[in-house]
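Trainee: I am attaching a structure below and will ask some questions about it afterwards.
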Amino acid sequence: MSVITVRVEEKEKKMIQQFAEINQVSVSTLIRQVLLEKMDDEVDLRLYAEAIQDQKEHPETYSFETVLKELGHA
């Protein structure tokens, strides 16, 4: 596993350590989880924005019943 160093102020370090302790995880695990969640959220927001833009450009929609019929489930 690789190591990444992050510089923080002493006050921030204490806050991070306390938060990790409250959540019963190591600081490393906490930072990894938070960062990966943030990255996942950013990807989701970008995909959402793309989907909204696509919907504006191609506003055709289908009802749930129509989709079921087209898939042969109705």
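Trainee: Would you calculate, for the chain, the mean residue ellipticity at 222 nm contributed by helices, counting each DSSP H stretch of 4 or more residues as -39,500 (n - 2.57) and dividing by all residues, to the nearest 500?
Mentor: When only DSSP H runs of four or more count, the value is -23000 deg cm²/dmol.
Trainee: Give, as ranges by residue number, the residues of segment 28-43 whose backbone N falls under 14 Å from the point 7 Å along Cα→Cβ of Val3.
Mentor: Answer for this model: 28.
Trainee: Return the tail of the calculated pair distribution for the chain, meaning the percent of Cα-Cα pairs more than 13 Å apart.
Mentor: 78 percent
Trainee: Compute the acute angle (0 to 90°) between the alpha-carbon long axis of helix 10-22 and the principal axis of greatest extent of the alpha-carbon atoms of the chain; round to the nearest 10°.
Mentor: Long axis of 10-22 versus the principal axis of the chain: about 60 degrees.
Trainee: While we're on this one: Ignoring ligands, DNA and RNA, please state the percent of accessible area on the chain from carbon and sulfur, probe 1.4 Å.
Mentor: Carbon with sulfur: 56 percent of the solvent-accessible area.
Trainee: For Ser63 and Glu21 in the same chain, what is the full-extension length gain: residue separation times 0.36 nm, less their Cα-Cα distance, in nm?
Mentor: Answer, rounded to one decimal: 10.3 nm.
Trainee: Which value, in Å², gives the accessible area per residue of the chain when a 1.4 Å probe is used on the protein heavy atoms?
Mentor: Value returned for the chain: 99 Å² of accessible area per residue.
Trainee: Relative to the longest principal Cα axis of the chain, at what angle does helix 27-57 sit, 0 to 90 degrees, rounded to 10?
Mentor: 20 degrees
Trainee: Still on this structure, I have one more. Give me the one-decimal nm value for the distance between modelled label points at Asp54 and Asp41, 7 Å along each residue's Cα-to-Cβ direction.
Mentor: Between Asp54 and Asp41, the label points sit 2.4 nm apart.
The values are calculated or read from the model by the stated rules, or taken from the named source; none is laboratory data. What you see is a predicted model; the values in this text were computed from it and never measured. Ideal geometry is used to build each Cβ from the backbone, glycine not excepted, and the neighbour counts take in all protein chains shown. Quick note on the areas: whole protein, heavy atoms, side chains included, nothing else; ligands and nucleic acids left out. Shrake-Rupley method; radii C 1.70, N 1.55, O 1.52, S 1.80 Å.
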